[in-house]
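Read-outs throughout are calculated quantities, based only on the coordinates presented, and are distinct from any laboratory measurement. Please read these numbers as outputs of a predicted model, since none were measured by experiment.
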Amino acid sequence: MLDISNIELGFNILVAILLVATIVYAVILNKKLDALREAKAEMEGLIVSFAETTAKAERSLAEFKTHASNTGSGLKENTLKADGILSDLSYLVDRAEVVADRLEEDLGLARQNSPETVLPKGVKSGDVKKDKAKSSNKATSSSKEGATKKDLSPAAEDLLKTLKGMR
């Protein structure tokens with residue numbers, strides 16, 4: 001027969017085993033909780049760092065937007081100025097073409113209306129043409145030198161070059 005004291009002893013042993021298991025489990029759980037607390041502290045540091053980085057990025061983005069807006073408005077102003085200059089240059093080119101055409105017409109009329117020169121005896125017309133070409137070349141080179149000696153604006157020099165190129 002079973003004795004009550006044996007049952008009581010078995011029950012006490014069972015409770016002791018369960019208490020030892022509970023203590024072991026509590027120690028393991030305590031280590032895991034310590035690791036979790038350390039991770040929480042690290043996570044808080046990361047969150048603070050992330051918040052600071054986000055704030056810096058927002059400030060940089062705002063500065064970038066301001067800079068881009070200022071650059072865009074400056075670029076727009078420069079584009080408007082360039083458009084104005086382009087229209088002015090187009091007008092000047094058109095006027096220069098009209099003047100060049102008029103000069104060509106006047107030159108052609110002057111050549112047509114110039115009287116033929118009477119050649120002295122013994123002089124051939126080919127010799128006169130050669131002499132005229134030589135003197136014309138000398139006059140052209142001396143007029144070029146005279147034009148460069150004068151203080152012409154770059155725009156006037158460009159206009160002269162353009163008119164000479166149209167011949």
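Taking all pairs of different Cα atoms in region 1-98, averaging 1/r and flipping that mean, what Kirkwood radius in angstroms comes out? Walk me through the intermediate numbers first.
On the way: mean 1/r = 0.0449 Å⁻¹.
Evaluated over region 1-98, this radius sits at 22.3 Å.
Available extension along the chain between V27 and A41 is 2.9 nm, counting 0.36 nm per residue and deducting the alpha carbon span.
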